[in-house]
Ligand SMILES: *Cc1c(COP(=O)(O)O)cnc(C)c1O
């Protein structure tokens with residue numbers, strides 16, 4: 001290993017250690033078990049060396065925004081680390097549903113009926129050749145921002161009913177990305193309420209800047225990128 005690689009490995013390991021301590025402290029101060037919060041390391045735009053550094057530091061759960069980028073980075077790593085868990089956290093086009101089902105263990109961005117239909121078809125196809133069925137989270141656009149992905153809160157129950165109850169998709173929870181420039185706490189609270197009303201237990205919320213708040217509102221998964229890998233280029 002050359003010096004700069006060694007530096008990056010040490011740096012990522014140090015940031016991960018500090019981050020895990022902050023996650024545990026936030027859980028404890030919310031009266032929760034630290035083990036109830038999963039850290040999803042968001043490696044978008046990061047090269048193989050950064051991902052390798054996180055793996056060397058024991059990190060096993062990763063998030064990627066784009067199917068193509070993940071296809072280029074992860075298949076061999078998954079072969080080498082059968083316990084690696086890969087989450088799709090960016091928008092998914094229906095024509096990439098099958099590729100996403102074949103690669104990811106969790107799809108966090110199910111946000112419309114058409115995509116639910118496409119995922120059901122893709123899962124049947126992939127399962128027929130012996131593949132697994134990824135868990136699905138429903139992405140909720142809690143801020144009702146027109147340009148942002150996610151089902152609006154008042155339509156969430158309908159989408160959950162379609163995806164989980166009619167199509168039989170393994171829907172386990174909800175995900176949200178609160179609007180920039182406003183308090184995130186009300187959005188986290190709203191996501192928790194929608195989950196409760198629909199008997200869902202997984203809450204994916206909180207990023208580098210707000211994961212402690214999210215944990216206070218019941219996040220079971222936090223998606224953290226820059227606090228692990230440094231600022232994106
Ligand atoms: C990039 C990204 C993150 C991580 O953001 P950081 O602020 O770098 O922690 C989390 N969730 C989603 C959906 C993202 O696109």
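The values are calculated or read from the model by the stated rules, or taken from the named source; none is laboratory data. Please read all numbers here as calculations on a predicted model, not as lab measurements. Positions of Cβ are generated from backbone atoms using ideal geometry, with glycine treated the same way; all protein chains shown enter the neighbour counts.
A few notes on this one:
- Matching residues, segment 193-233, being part of a helix (DSSP H, G or I), within 16 Å of residue 108 (Cβ to Cβ) and without any contact (Cβ under 8 Å) to a residue 60 or more places away in the chain: 194, 195, 214
- Selection status of residue 146, over 19 Å from the mean Cα position of the chain (by Cα), more than 16 Å from the ligand (Cβ to nearest atom) and either farther than 21 Å from residue 220 by Cβ or at pLDDT below 95 (or both): yes
Quick grid of which residues meet (1) out of contact with any helix residue (DSSP H, G or I) (no Cβ under 6 Å at 6 or more places or on another chain); (2) surrounded by 21 or more Cβ atoms within 10 Å (Cβ to Cβ); (3) within 17 Å of residue 90 (Cα to Cα):
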residue	(1), (2), (3)
118	no, yes, yes
145	yes, no, yes
154	yes, no, no
161	yes, no, no
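- Segment 220-233, subset surrounded by 19 or more Cβ atoms within 10 Å (Cβ to Cβ) and out of contact with any helix residue (DSSP H, G or I) (no Cβ under 7 Å at 6 or more places or on another chain), residue farthest from residue 159 (Cα to Cα): 225
- Among (1) within 14 Å of the ligand (Cβ to nearest atom); (2) over 30 Å from residue 28 (Cα atoms) - the single one residue 131 does not satisfy: (1)
- Qualifying residue in segment 168-176 (condition: at pLDDT 95 or above, touching a strand residue (DSSP E or B) at 6+ places or on another chain (Cβ under 9 Å), within 11 Å of the ligand (Cβ to nearest atom) and in a loop (DSSP other than H, G, I, E, B)): yes
- Hits in segment 27-52 (condition: out of contact with any strand residue (DSSP E or B) (no Cβ under 9 Å at 6 or more places or on another chain), outside any helix (DSSP H, G or I) and within 16 Å of the ligand (Cβ to nearest atom)): 45, 46, 47
- Looking across segment 185-233, just one residue is near the ligand (Cβ under 8 Å from one of its atoms) and under 14 Å from residue 137 (Cα atoms), and that is 223.
- Which numbered condition residue 134 fails, given (1) crowded, with 20+ Cβ neighbours inside 10 Å; (2) more than 13 Å from residue 163 (Cβ to Cβ): (2)
- Set 137, 115, 159, 180: member being part of a helix (DSSP H, G or I) and either free of Cβ contacts under 8 Å to residues at least 12 places away in the same chain or closer than 25 Å to residue 75 by Cα (or both): 115
- Taking the criterion of being away from the ligand (no atom under 14 Å from the Cβ) and outside any helix (DSSP H, G or I), the residues of segment 60-85 that qualify are 60, 74, 81, 82, 83, 84, 85.
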